[in-house]
Amino acid sequence: MSDREILNKLSDRLVNQDIEGCKTTTLEALDAGISAFDAINEGLSVGMKIVGDKYELGELYLPHIMMSAKAMDAAMEILTPILEKEGTGENIGTAITFVQEGDIHEIGHRLVSIMLGVNGFNIVDLGVDVSNKTIIEEINKHNGDKILLAGSALMTTSMQGQKDTVTAIEEQGLRDSVKIMFGGAPVSEKWVKDIRADATAKNAADAARVAVELMK
Ligand code: HCB
């Protein structure tokens, strides 16, 4: 089977909520020499995009998405330690990563956190549904470090909260202490510019590239 066929199979397993199949196909991909990174970006993430599209079309329902998310988790359990080993070993700053208040979508956030860690950031992962109060407290704890804030929002509602986060940081006089990168499916270049954040990125690899640039 070609690499492309294995990656397609991985995507199909995720779309079909096949948790065991997702695990075995992930191992098959690694055995075939496919990198953990490609398995995520060209297999699993492609599958998750299809799941989202099918949900929107009414072809899949919430329980299906939850099972696909579990299949993604099962694959990530295998792939995360491999990615972590690929780390550069350098420390280019502290990345405070989180999902906006009211939002529990964590898959993309976790991928971004992993990729930032692999690329030399010390990761402070605040998890999902994080309030501005917690974010401000965490920035203050790391005062003096080079700080990147990497926030995710997957819903148009929670995305509005990103604007409040920037305002809260400005009001606390902390804006010059942090670089702010926001992402998630609804987030656009125009949105981050409008809310006075520094950058966005379309996927986890891009997020790492943009983050490293922001730290320069
Ligand atoms: Co969820 N959900 N969901 N969901 N969900 C979305 C997000 C909708 C778009 C689906 C739809 O209607 N088409 C929709 C939001 C609509 C909207 O606001 N416009 C939606 C909804 C409505 C909901 C609920 C409200 C449903 C309900 O209960 N009725 C509920 C939300 C509860 C809440 O948060 N309070 C809900 C729940 C769920 C789960 C639990 C079933 C599950 C999440 C499981 C989990 O995370 N453990 C889920 C999922 C999986 C999705 C979809 C299908 C996929 C999201 C995903 O994981 N994508 C999503 C559809 C979609 O997004 N098209 C749907 C894969 C990852 C890899 O992509 O975009 O998250 P990503 O991250 C990328 C990228 O954006 C970038 O890099 C990442 C990696 O490549 N990036 C960053 C992300 N963060 C970044 C930060 C940076 O600084 C830089 C880059």
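The values are calculated or read from the model by the stated rules, or taken from the named source; none is laboratory data. Predicted model, so just to flag it, every value in this text is computed and none were measured. Glycine gets a Cβ as well: all are built from the backbone with ideal geometry, and neighbour counts include every protein chain shown. Quick note on the areas: whole protein, heavy atoms, side chains included, nothing else; ligands and nucleic acids left out. Shrake-Rupley method; radii C 1.70, N 1.55, O 1.52, S 1.80 Å.
Key figures for this structure:
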{"read-out": "Options 205, 185; residue that is farther than 19 Å from residue 127 by Cα and either outside any helix (DSSP H, G or I) or aliphatic (A, V, I, L, M) (or both)", "value": "205"}
{"read-out": "Residue 34 being more than 16 Å from the ligand (Cβ to nearest atom) and either at pLDDT below 95 or open to solvent by less than 50 Å² (accessible area, probe 1.4 Å) (or both)", "value": "yes"}
{"read-out": "In the stretch 41-72, the residues that are free of Cβ contacts under 8 Å to residues at least 12 places away in the same chain and open to solvent by 40 Å² or more (accessible area, probe 1.4 Å)", "value": "49, 53, 55, 56, 57, 59, 61, 62, 63, 66"}
{"read-out": "Selection count where residues are under 15 Å from residue 97 (Cβ atoms) and either open to solvent by 90 Å² or more (accessible area, probe 1.4 Å) or not β-branched (Val, Ile, Thr) (or both), scope the stretch 187-197", "value": "1"}
{"read-out": "Selected residue (only one of 150, 197 is in a loop (DSSP other than H, G, I, E, B), touching a helix residue (DSSP H, G or I) at 6+ places or on another chain (Cβ under 8 Å), within 13 Å of the ligand (Cβ to nearest atom) and assigned by TED's automatic domain parsing to the domain that holds residue 135)", "value": "197"}
{"read-out": "Flag if residue 107 is closer than 23 Å to residue 41 by Cβ, assigned by TED's automatic domain parsing to the domain that holds residue 37 and either away from the ligand (no atom under 12 Å from the Cβ) or open to solvent by 20 Å² or more (accessible area, probe 1.4 Å) (or both)", "value": "no"}
